[in-house]
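First comes the structure, then the notes that go with it.
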Amino acid sequence: MKALPVEPSNVAIAIGSRIRAAREAQRMTIEQVAEAAGLSKGFLSRVERDESSPSVSSLVTLCQVLSLPIGELFATPETHLTRADEAPRISLGGEGIVERLLTARSERRLQIIQAEIEPRGKGESELYAVDCDVDVLHVVRGRIELVMTNDRYELSAGDTLTFPGREPHSWVNPTDKPTTVLWVLVPAASR
């Protein structure tokens, strides 16, 4: 069997920002990490700015101090691009509404749904709840009225309302103009 000759790359892998992010997530100062890893503060600062490369042993020690698996420094982040005109349509109910899922179908941490609501469009006649911890409604254009068990909120373009996801609610576009809103569900609503 013949090996596939792959030419090595001279492109430096930028790991400094990931080291800094791990340090900050641990709420550690650069001084604390440098001391625990046996490195100088100046050298660690240069590593975090990708101006210096640590030796393998220094890198292993840094990762141990930061409780960071070494592989995470070199992993390709999982990204997903949704083009507005290609976002899949979904339906959570209501009249005069077109909803599109803007986040990846597989995303479990949160969901963003864009809703285009026609003039006088409205949600379910009975209040409903969504299976998530936090529900955020942001009005991009137009106006919307959110109806809850004991409250009504009138929101205009630029307004954002955050409420418990399992709180029963419905909505209506009370105007003769279209409305665009974003619903952000945290975590993603279970299916």
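The values are calculated or read from the model by the stated rules, or taken from the named source; none is laboratory data. These figures come from a predicted structure and were not determined experimentally. All Cβ positions, glycine included, derive from the backbone under ideal geometry; neighbour counts span all protein chains shown. Protein only, heavy atoms only, side chains kept; ligands, DNA and RNA dropped before computing areas. Shrake-Rupley method; radii C 1.70, N 1.55, O 1.52, S 1.80 Å.
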Item to complete: Working from Cα positions, state the angle (0 to 90°, nearest 10) between the long axis of helix 16-25 and the longest principal axis of the chain.
Response: 60 degrees
Worksheet entry | Per-residue [θ]222 nm for the chain (sum of -39500 (n - 2.57) over DSSP H runs n ≥ 4, rounded to 500) | -6000 deg cm²/dmol
Item to complete: Only Lys, Arg, Asp and Glu count, each charged at its Cβ (+1, +1, -1, -1), so figure out the dipole size of the chain about its Cα centre, rounded to 20 debye.
Response: 540 debye
Practice prompt. Mind giving me the FRET efficiency for residue 162 and residue 90? R0 is 22 Å, r the Cβ-Cβ distance, nearest 0.05 is fine.
Written response: 0.55
Practice prompt. For the chain, with all protein chains present and a 1.4 Å probe, just round the carbon and sulfur fraction of the accessible area to a whole percent.
Written response: 52 percent
Worksheet, complete the sentence: Shape descriptors of the chain over alpha-carbon atoms, Rg and Dmax in angstrom, are 24.3, 73
Fill in: the stretch 123-175 and the stretch 35-59: distance between their alpha carbon centers, rounded to Å
49 Å
Worksheet item: For the stretch 23-77, with every protein chain kept in place, what is the accessible area per residue (1.4 Å probe, Å²)?
Response: 61 Å²
Item to complete: Could you rank the peptides 126-137, 85-96 by their average count of other C-beta atoms within 10 Å per residue, with the highest value first?
Response: 126-137, 85-96
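Show me 38-45, 171-178 ranked by packing, highest mean number of other Cβ atoms within 10 Å first.
Descending mean neighbour count gives 171-178, 38-45.
Using a 10 Å cut-off on Cβ atoms, rank the peptides 71-80, 20-29 from the highest mean neighbour count down. All intermediate terms of the calculation are to be shown ahead of the outcome.
Working: 71-80: 9.1, 20-29: 14.4.
Highest-to-lowest ranking by the protection proxy: 20-29, 71-80.
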